[in-house]
Structure formats: C-alpha cells, structure tokens
1. Of the peptides 243-250, 47-54, 90-97, 23-30, how do they stack up when ordered by the mean number of other Cβ atoms within 10 Å, highest first?
2. Normalized C-alpha radius of gyration of the range 3-196, against 2.2 N^0.38 Å?
3. Dividing the convex hull volume of the Cα atoms of the range 44-92 by its residue count, what figure in Å³ per residue is obtained?
4. Roughly speaking, what is the centre-to-centre gap between the range 83-143 and the range 18-63 when only Cα atoms are used, to the nearest Å?
5. Can you give me the P(r) profile for the chain? Cα pairs, bins 20 angstrom wide beginning at 0, each as a whole percent.
6. Show the residues, 5+ positions off or on another chain, whose built amide H is closer than 5 Å to the amide H of D52.
7. Length gain on complete extension for the stretch L291 to D5, per 0.36 nm per residue less the alpha carbon to alpha carbon distance?
8. Considering Cα pairs under 8 angstrom that are at least six residues apart, work out the relative contact order of the chain and quote it in whole percent.
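Every number here is computed from the coordinates shown, using simple stated rules; none is lab data. Worth saying up front: this structure is predicted, and the values here are computed from it rather than measured. Reconstructed Cβ throughout: ideal geometry from the backbone, glycine too, with neighbour counts over all protein chains shown.
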Amino acid sequence: MTQPDFIPEPYTSQIEKGSFKWSSPSNIALVKYWGKKEHQIPANPSISFTLDACRTTTLLSFEKKEASNGFSFEVFLEGDKKDDFKPKIETFFKRIEAYLPFLKEYHFTIDTSNSFPHSSGIASSASGMSALALCLMSIEKELVPEMNDEFFLQKASFLARLGSGSACRSLEGDLIVWGSHQEINGSSDLFGVKYPFEVHDNFKNYHDTILLVDKGEKQVSSTVGHNLMHDHPFAEQRFEQAHDNLSKLINVFKSGDIDEFIAIVESEALTLHAMMMTSMPYFILMKPNTLEIINKIWQFRKETGLHICFTLDAGANVHILHPENEAEAIFKFINTELVAYCQNGHYICDRIGFGAKQLPI
Ligand code: DP6
C-alpha cells in the first residue's frame, strides 16, 4: 500500500447524519519512535505492546451542513467543552482532508473520555487520535459500503498516524510494528501492522503497571523532542540501533528469552532519554523519583531473580513490565517499596490488550 491508495474514489453513497463510538487503548513502545520526517514518517521502526485498561472512548456525532472553507467541530472531554483541544484536531483534519474529502461537509461533535485521569501525565494522544480516526472511518465505511475490514483498519491506522505517530499502533493488538523493517514483511512507515511472527508464551498476558511519578504537563512536548533529532549528533547511530534492537527482539519473542528482552527494553528506554539529554537544546524529563524507582527495580531483580523491568515514555512516569506468573510477588514489591515514589501514591495496573472496539451508541 502506498499513500495514494488511501485517497478514495468519488463517493457514490450518502449519509445525512449519525454517530459512531469507538474505544481505543493506549500502547507502550518497546523499541521507541523518536525522530520523524515530513508527513509523520518515522525515522526508525518501533514496536509496542497494546494496552488494555488505559483507553479513550470517543463518540463522534455528525450532521450534514453547507460545504464551507473551514472545518466545523466542537470537542468535549468528560462533558466539558474543551476549546484548547481544537488546534490539535484542526491540524489533524488538515493533514487528513485529502484522504477523507467529506470532512468539510459535516459539523462534528467529538465527545471523548479517558479511563485514566486526564492529568495523569499518560499520553492520551495515542488512544485519543486512534479512537477519532476509527470514528471517521466508520463514516467513510457508510459512504463506501464495499470497503473490507482489512482496508478499514489499515486506513484508520494511516489516519491515526497523521494525528499522532504512536496512535497508529493503538488499533489492534497485542504487538504492533510501525515503520519499515527489513526482516518484517508487510511493515510500513505509513501504518501499524500486527507483529507477524511467533511469540513465546512467556510474553502472553504481560503486565504493565504504570507508576505515576509526575502528573504535571511536560515541559517539552514529544513533537518538539522529535524535531530535535534532525540535527542530533547521535541520530544516525540511534536509528540504526532501533533497527538492530527490533531484529534482536524477533529472536527474543521466538525463544522466550526474558533476560534478553529486559536488556533491550531497558536500554531503549534509557537511550530515548539519552537522546533528549544530548539534543540541542537539551532537556530532562525524568524526575528524581524516576531514578529512585529504576534503582529499586534493579536491586529487587538482583535479589529475587524475578523478571521485572522498566520502560519510559516521553515523561517521568515509569512503566513496570513483568510476566503474568510473577505478578503476585511483583505487586507486593510495588505496594511496599515503590508506591512512596508515586505522586499521591497513584499507579495504574494494566496489561497487554487486543486493540480498539466499536461500541453501541
Ligand atoms: C516516546 O506519537 O506522541 O512515546 O507523532 O509528534 O504525536 P507525535 O509523537 P508521539 O511520540 C511518542 C514517542 C514515545 C515513543 C513511542 O511511543 O514510540
């Protein structure tokens, strides 16, 4: 599939008004996307676990209006009007207009809610943009009734990417690859695809407990951070490393080697933050408690031999990853040793999930 394949033929069906509702999960990258080219093309391939509990639910209502030059929409978060969300959605609509030519023919009401607190510092752009992209595809499906499910999901991921890169990995589960990789047939810079190879039982039902270290607004947005990879002294080595780490993970997923999994995942997390610290201008998103938690995890792993590890996204929160069969001891450790480092003692228990769901209205 190439970019022109997502531009539709003139629509033959019509729809006056309606509404669609989708719930879409967040995801956590194992090999990180950090650095992008024009049109939201990633500088390197990434792979993520789709999550289950952390989700955005979006109800999109639409009604035909006179076609005009601008987009017409309102946004609500948990019932409250959110005009500060509008610029991001306006940018999204501009980027996808060529692929959804009906956008200016309707007035939209976007009603969205998150299963996690909005101010938790958890990226809601992945779940939010993928839920919105799916609602928009449900409209297109009415206009092109013969569209098949595979194309529906592929185009939804293609659109979600134009909203927020990592959002294209939030439609399906449980392991999603985004970005072209030599050894992964079908992988694409344009949309996320299901990881196509064997995955050992050790990685089924993997847990992700998210420790909320800092719920505040980030000082540097991901978009700014990605752009700082353009003149970054270590960019080329980093992009190559991401390709290598994804190659290594193919063997790890097959063999079930959790120790090697831990080495790759933790190195990816620290490399992501090392890229931030070595950008110009440089910045640090980790907080003192992020480091306290990492050291505690390393100590606990050494003492117990349990397969606990961490990863980070572009913020201070720590994602603790571990297999299902060690959950009891690890939850006990989190409760006794790590909760003290979380803001207001807050953390979220999540695990691998299987993607977005359409909900009845
Ligand atoms: C560190 O997808 O939020 O979480 O494309 O600019 O919206 P934009 O960036 P975004 O970047 C996420 C970066 C990351 C790593 C990852 O999820 O792969």
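1. Values: 243-250: 18.2, 47-54: 24.1, 90-97: 16.2, 23-30: 26.9.
By packing density, highest mean first, the sequence is 23-30, 47-54, 243-250, 90-97.
2. Values: Rg = 16.0 Å, N = 194, 2.2 N^0.38 = 16.3 Å.
Expressed relative to 2.2 N^0.38 Å, the Cα Rg reads 0.98.
3. Values: hull volume 8.0 nm³, N = 49.
Per-residue hull volume (Cα only) is 164 Å³.
4. Here the two parts' Cα centres lie 11 Å apart.
5. That works out to 30, 58, 12, 0, in percent per bin.
6. R351, G353
7. Numbers: separation 286, 0.36 × 286 = 102.96 nm, distance 4.59 nm.
Extra length from L291 to D5 when fully extended: 98.4 nm.
8. On the way: 731 pairs, mean separation 87.3, N = 361.
Computed over the chain, the figure is 24 percent.
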